[in-house]
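Read through the structure below, which is laid out as structure tokens, and then see the notes.
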Amino acid sequence: MTTELETPPHNDQELVARTQGGDPRAFDELVVRYSPRLYGLVYHMTSNHEDTNDLLQDVFSKAYRSICNFRGKSSFYTWMHSIAVNMTINFLKKRNRRQHPSLNDPDSRIENDPDFIAATSKDDPTKEVSVHELQKKLNAAMQKLSHEHRIVVTMFDIQGMPHAEISKILGVSEGTVRSRLFYAHRQLQNFLHEFKRS
């Protein structure tokens, strides 16, 4: 017997239909469902918590305004990720025109991310230092990639999305996704190799 507290989660299609019918609480459920994953995606692109929070507000605001146009040709998951990717890339292009972000900005380094600290903190202090240094170098290398290459690395290597899903979200072929990943991985290896020598 299902109690009110154990109500099974609604599927995306149902929540979208209710939102399109004027139920804002249904959209709130979608926001709660997708916030953590979208936060990770946007943060790995911007390397800044404040920018990520601002962008997510804009992403969900745009999705809410546009949801009546959502026809279900792709999954809601793909549609939301497409909005987030496009808005983040546009934001980064504007930010780069204004200024180049400093990698010395304490917020721009993933090793200051509480989740990363919790995941990597161990009793061995030497391991902590080496993980900290490696992450610092990897984050700096990620920031040197173009937006197009950074996004495929974020989606594939960090978020574990398959090529087909990335292809749908970015609106490019799977071959293009593989090509960008190959190039991005090679660039990251080169950047990290330079760090090792320096």
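The table below gives the values:
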{"read-out": "Out of ARG37, ARG71, ARG25, sole residue that is at pLDDT below 95, closer than 30 Å to ALA140 by Cβ and either in contact with a Phe, Trp or Tyr (Cβ under 7 Å, 6 or more places away or on another chain) or basic (Lys, Arg) (or both)", "value": "ARG37"}
{"read-out": "Selection from region 177-198 of residues that are surrounded by fewer than 13 Cβ atoms within 10 Å (Cβ to Cβ) and either at pLDDT 95 or above or assigned to a helix (DSSP H, G or I) (or both)", "value": "PHE182, ARG186, GLN189, ASN190, HIS193, GLU194, LYS196, ARG197"}
{"read-out": "Which numbered condition ILE158 fails, given (1) touching a helix residue (DSSP H, G or I) at 6+ places or on another chain (Cβ under 8 Å); (2) surrounded by 12 or more Cβ atoms within 10 Å (Cβ to Cβ); (3) modelled with pLDDT of 90 or more", "value": "(3)"}
{"read-out": "Count - residues of region 154-176 that are free of Cβ contacts under 8 Å to residues at least 40 places away in the same chain and outside any loop (DSSP other than H, G, I, E, B)", "value": "9"}
{"read-out": "Tabulated pairs, region 1-21, first at pLDDT 50 or above, second surrounded by fewer than 10 Cβ atoms within 10 Å (Cβ to Cβ) and of a type in the set (Val, Ile, Thr), C-beta under 8 angstrom, 6+ apart or interchain", "value": "PRO8/THR2"}
{"read-out": "Filtered residues of region 63-73 (kept if surrounded by 15 or more Cβ atoms within 10 Å (Cβ to Cβ) and not aromatic (Phe, Trp, Tyr))", "value": "ALA63, ILE67"}
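The values are calculated or read from the model by the stated rules, or taken from the named source; none is laboratory data. Note that the structure is a prediction, hence the values are computed from the model and not measured. All Cβ positions, glycine included, derive from the backbone under ideal geometry; neighbour counts span all protein chains shown.
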